[in-house]
Amino acid sequence: MKIFNSYSNQLEEFVPIHKGIVNMYVCGPTVYNYIHIGNARPVIFFDTVRRYFEFRDYKVNFVSNFTDVDDKIITKALELETTEKEVTDQFIAAFLRDVEKVNSSTDYLKPRVTDYMDHIIEYIGILVQKGYAYETDGDVYFRVENVQEYGKLSNRNIDDLISGSRIDINDKKENPLDFTLWKKTEIGINFESPWGRGRPGWHTECVAMIDDIFGEQIDIHGGGSGLMFPHHENEIAQSLVLNHHHLAKYWMHNGLLNISGNKMSKSEGEIVLVKDLIIDSNAFRLFTLSTHYRSPINYSEEVLASYEKEWEKLKRAYTSLYLKLDLADALYENAIIDPDLLLIYKDFLSAMDNDFNTPNVITALQDLTKIANQMLRNKTENGVILSVIKLFDDIFSVLGLRVDVSPLNSSDKETYHLWMKARDDKDFDKADIYRNILQEKGII
Ligand SMILES: [Zn+2]
């Protein structure tokens, strides 16, 4: 399996640190607002990555945090005249509803910064003690000059960065690139520390939580490409000086989602919230996964609507096959592997093995739909139809697509057979009645 490692900027063979196990961490949301569909991209993509590893029998330890200490949260709490905890509890619940809404799993470890405060303070303390960070007037900064490779992940030159950051003059810092590990404050939520009351900086939270949860280098660290600099660059810097590794063996970044040619962001105005989406969640996943994760996606309502049609086609083929087998009482017969199906299965695996090429998987799914429709028109052995259903199930499970089907009860089956008989007897009035019953129940 090959993964594009953002750190080395090349495709690399995936070799897990521990055989059969994938330890992965994806930066989670700062919880003070509802997420938009651009934020849903990593939620869907990294869920698909996890699903594929599990499909290939890896044990995946998936961790994604909640940043529940932040200036924006404090501002929101002040605005609403409530506590930070009220705000973060509300938006964590809203986030998890949105994750479920896009068919992503909520079954993973979700550390909150407030629950890891002792470890974060301890982590900063070690950096200070070893001389990699320094305190000035209650603030603690990371000393970037010790990190030779600073800027490598985001492909930035240190001198350019320094001249770019000169505008932000801060007398407390030794070097304009040094970043905040601890911020002195008594406004809003704050914590006791060896440097006085304050709160941690965002860049140290993830790395301290990863250190506490995994206690070693992880396999995959993921997030949106916007996090590469400074967030991930700063995570790597801390890990390099303290643990002498790059925190993760493989760094993966998803591209942006654009709307009318602009990045969708809370500050730019034009946004679509996940909670307001009315499109079928499967169609939305198809839309998201139809572009390779490293490329930008262009969003428009028309494009989204085209995936709704696409999903209808897939769903119709699948349910028709399922119904055909159910009516023949052949749902539990033995599957027969057909050479055409084997080719599609291979296409599916090789696409996923090649840096999670989900657009090619969706093409394989469309090929499978064509085969399914041919089988519905022609006489095909039940065992072959069953293997088509199983192949759909495999691909659906990895892409996180769901079709709700369940075997018919005996009275529905009887109605179906009566409908068929009435049609054969050319008793069209009767046939219409049976057809209406089946349609009302959503069976046909
Ligand atoms: Zn992070």
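Tell me, yes or no, whether the range 373-389 has at least one residue that is under 22 Å from residue 280 (Cα atoms) and not assigned by TED's automatic domain parsing to the domain that holds residue 100. The answer is yes, given that some residue of the range 373-389 is under 22 Å from residue 280 (Cα atoms) and not assigned by TED's automatic domain parsing to the domain that holds residue 100.
Out of all the residues in the range 255-269, is one or more out of contact with any Cys (no Cβ under 7 Å at 6 or more places or on another chain) and within 13 Å of the ligand (Cβ to nearest atom)? Don't jump to the end; show me each part of the working.
Here is the first cut: in the range 255-269, the ones out of contact with any Cys (no Cβ under 7 Å at 6 or more places or on another chain) are 255-269.
Retained after the next criterion (residues that are within 13 Å of the ligand (Cβ to nearest atom)): none.
No: the range 255-269 contains no residue that is out of contact with any Cys (no Cβ under 7 Å at 6 or more places or on another chain) and within 13 Å of the ligand (Cβ to nearest atom).
When residue 35 is tested against the conditions (1) of a type outside the set (Phe, Trp, Tyr); (2) within 16 Å of the ligand (Cβ to nearest atom); (3) open to solvent by 10 Å² or more (accessible area, probe 1.4 Å); (4) in contact with a strand residue (DSSP E or B) (Cβ under 6 Å, 6 or more places away or on another chain), the lone failure is (4). Residues in the range 229-286 that are within 22 Å of residue 94 (Cβ to Cβ), among the hydrophobic types (A, V, I, L, M, F, W, C) and in contact with a strand residue (DSSP E or B) (Cβ under 8 Å, 6 or more places away or on another chain): 257, 259, 264, 271, 272, 273, 274.
In summary, strands (runs of 3 or more DSSP E) completely within the range 146-249 and bearing 2 or more residues that are within 14 Å of residue 25 (Cβ to Cβ) and either within 16 Å of the ligand (Cβ to nearest atom) or open to solvent by less than 30 Å² (accessible area, probe 1.4 Å) (or both) occur at 218-224.
The single condition from (1) part of a helix (DSSP H, G or I); (2) open to solvent by less than 10 Å² (accessible area, probe 1.4 Å) that residue 356 fails is (1). Inside the range 1-30, can you point out the residues that are open to solvent by 30 Å² or more (accessible area, probe 1.4 Å) and among the aromatic types (Phe, Trp, Tyr)? Passing the criteria: only 4. Here is the figure for the range 250-294: residues that are open to solvent by 20 Å² or more (accessible area, probe 1.4 Å) and closer than 27 Å to residue 14 by Cβ total 5.
Yes/no matrix, rows are residues, columns are (1) open to solvent by 50 Å² or more (accessible area, probe 1.4 Å); (2) at pLDDT 95 or above; (3) over 36 Å from the mean Cα position of the chain (by Cα):
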residue	(1), (2), (3)
401	no, yes, no
406	yes, no, no
410	yes, no, yes
413	no, no, yes
416	no, no, yes
425	yes, yes, yes
438	no, no, yes
443	no, no, no
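In this entry, residue 132 passes the filter for residues that are open to solvent by 30 Å² or more (accessible area, probe 1.4 Å) and either in contact (Cβ under 8 Å) with a residue 12 or more places away in the chain or outside the structural domain of residue 239 (by TED's automatic domain parsing) (or both).
The values are calculated or read from the model by the stated rules, or taken from the named source; none is laboratory data. Fair warning: this is a prediction, and the values are worked out from it, not measured in the lab. Cβ: placed from backbone, ideal geometry, glycine included. Neighbour counts: every protein chain shown. For the accessible areas, the whole protein counts, side chains as well, though only heavy atoms, and no ligand, DNA or RNA atoms are used. Shrake-Rupley method; radii C 1.70, N 1.55, O 1.52, S 1.80 Å.
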